[in-house]
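J.: First, the structure itself, so that you have it in front of you.
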Amino acid sequence: MREDGPDPIDVHVGENIKKVRGLKGITQRELAERSGVMFQQIQKYEAGHNRVSCSRLVMIAKSLGVPPAVLFGKYSGKNNPEIAVINNRQAIRYINDFNNLDDEEQKLLKLFMNTLKALKRKKG
């Protein structure tokens, strides 16, 4: 921690952990269990009071089902579509819905999406 308070990057990462956790409907206690820490530690990460180590950040990201770069947000690159997703509740819902489909349903949905993209290209 800096003399004048938490580092802004630590606060930002903590906010992103909280945001993704909330969008995925995971409690602090659930995330703590999945990540191997006490839920109070998750509270401290989310508040930016404690810095998340690299290994713990990877474990938290894995527990949330997102790449670690998503938790860095604006600090990991401007044109990263995965970062834009955490600011879009509907996108998170679609991702969760997709992940709940079986393999055959996922294949059909991918085929449908590719067909839509091809039709769009044809039009435009």
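The values are calculated or read from the model by the stated rules, or taken from the named source; none is laboratory data. Remember, it's a predicted structure, so these values are computed and weren't measured experimentally. Note that we place each Cβ from the backbone using ideal geometry, even for glycine, and neighbour counts take in every protein chain shown.
J.: Report, by residue number, each residue of the stretch 18-75 that is more than 18 Å from D7 (Cβ to Cβ), among the hydroxyl-bearing types (S, T, Y) and in a helix (DSSP H, G or I).
T.: S35, S55, S63
J.: Evaluate the following for V13: is it in contact with a Phe, Trp or Tyr (Cβ under 7 Å, 6 or more places away or on another chain) and aliphatic (A, V, I, L, M)?
T.: Against the criterion (in contact with a Phe, Trp or Tyr (Cβ under 7 Å, 6 or more places away or on another chain) and aliphatic (A, V, I, L, M)), V13 qualifies.
J.: Separate question: Quick check on the stretch 7-32: of everything there that is surrounded by 15 or more Cβ atoms within 10 Å (Cβ to Cβ) and among the polar types (S, T, N, Q), which residue is nearest to A47 (Cα to Cα)?
T.: Per the stated criteria, the residue is N16.
J.: Considering the stretch 12-47 alone, what residues qualify as being among the acidic types (D, E) and either within 13 Å of S63 (Cα to Cα) or at pLDDT below 90 (or both)?
T.: Answer for the stretch 12-47, where residues must be among the acidic types (D, E) and either within 13 Å of S63 (Cα to Cα) or at pLDDT below 90 (or both): E30, E33.
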